[in-house]
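Colleague: To start, I am sharing the structure in question, which I have written as structure tokens.
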Amino acid sequence: MTVSAQKDSLPVPGEISIDSTGKITIQLHKQTLGEIYLQEYKWNKWVTFDSLRRNAEEDDTVFYKQARFTYSDIQIRLKAPGMKGSNVAKVQYFYPDSCSQFDGKCRSGKIGFRCEQDWQIYDQFGNMVKKGHSKTIDVSDLPKGGYFILYSNKMSEFFLD
């Protein structure tokens, strides 16, 4: 299933679509030059996960990227400096929920998931203390206290004693 972009406002850098395998097709407008960012809506904000550059000498306006997502309800967009608008492509993936379940417990200084995924850990004051992409997170080096973990477009809290 391919879902095409919806325009927020004009001008936009081009059109974007994503299929259920994570293949992203980007059709830039001829006047779109320079650095173009691919952003994913994750953890209540737009996060850049890839970019491409188009020079004035290039005739090619179609680009392909492969994305890696580990959760459902994906939203991606193109963003180019100097252009007011962006466009958003949405697709729903059907990953099993068990892939990203987290019960809030840390066992033997580690947090584990059933599959690899992006994650970020914040302390009680909102400072990011760790981030990465893995199936297991070693938190044994963190001081005792409460933490927030962002993963699979979710947020949970855990405590280290």
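Laboratory data are not the source of any read-out in this text; all were calculated from the coordinates shown. Note that the coordinates shown come from a computational prediction; the quantities given were computed from them, not determined experimentally. Using ideal geometry, Cβ is built from the backbone for each residue, glycine included, and neighbour counts are taken over all protein chains shown.
Colleague: Karplus couplings for the stretch 47-62 from phi (6.51 cos²θ - 1.76 cosθ + 1.60, θ = phi - 60°), rounded to Hz, Gly and Pro as x?
Modeller: Using θ = phi - 60°, the values come out as 10, 6, 10, 6, 8, 8, 10, 10, 9, 4, 6, 7, 8, 5, 10, 10 Hz.
Colleague: Considering only Cα-Cα distances, which of the following residue pairs are longer than 19 Å: Lys42/Lys154; Lys45/Lys131; Lys42/Lys144; Lys110/Lys130; Lys23/Lys45?
Modeller: Working: Lys42/Lys154 9 Å; Lys45/Lys131 16 Å; Lys42/Lys144 27 Å; Lys110/Lys130 13 Å; Lys23/Lys45 22 Å.
From Lys42/Lys154; Lys45/Lys131; Lys42/Lys144; Lys110/Lys130; Lys23/Lys45, over 19 Å: Lys42/Lys144; Lys23/Lys45.
Colleague: Got a sec? How would Lys45, Lys65, Lys135 order by Cβ neighbour count within 10 Å, fewest to most? Each step should come with its number before you reach the end.
Modeller: On the way: Lys45 8, Lys65 17, Lys135 11.
Ascending Cβ contact count within 10 Å gives the list Lys45, Lys135, Lys65.
Colleague: Extending each Cα 7 Å along its Cβ direction at Lys23 and Phe49, get the distance between those two points in nm, one decimal.
Modeller: 1.7
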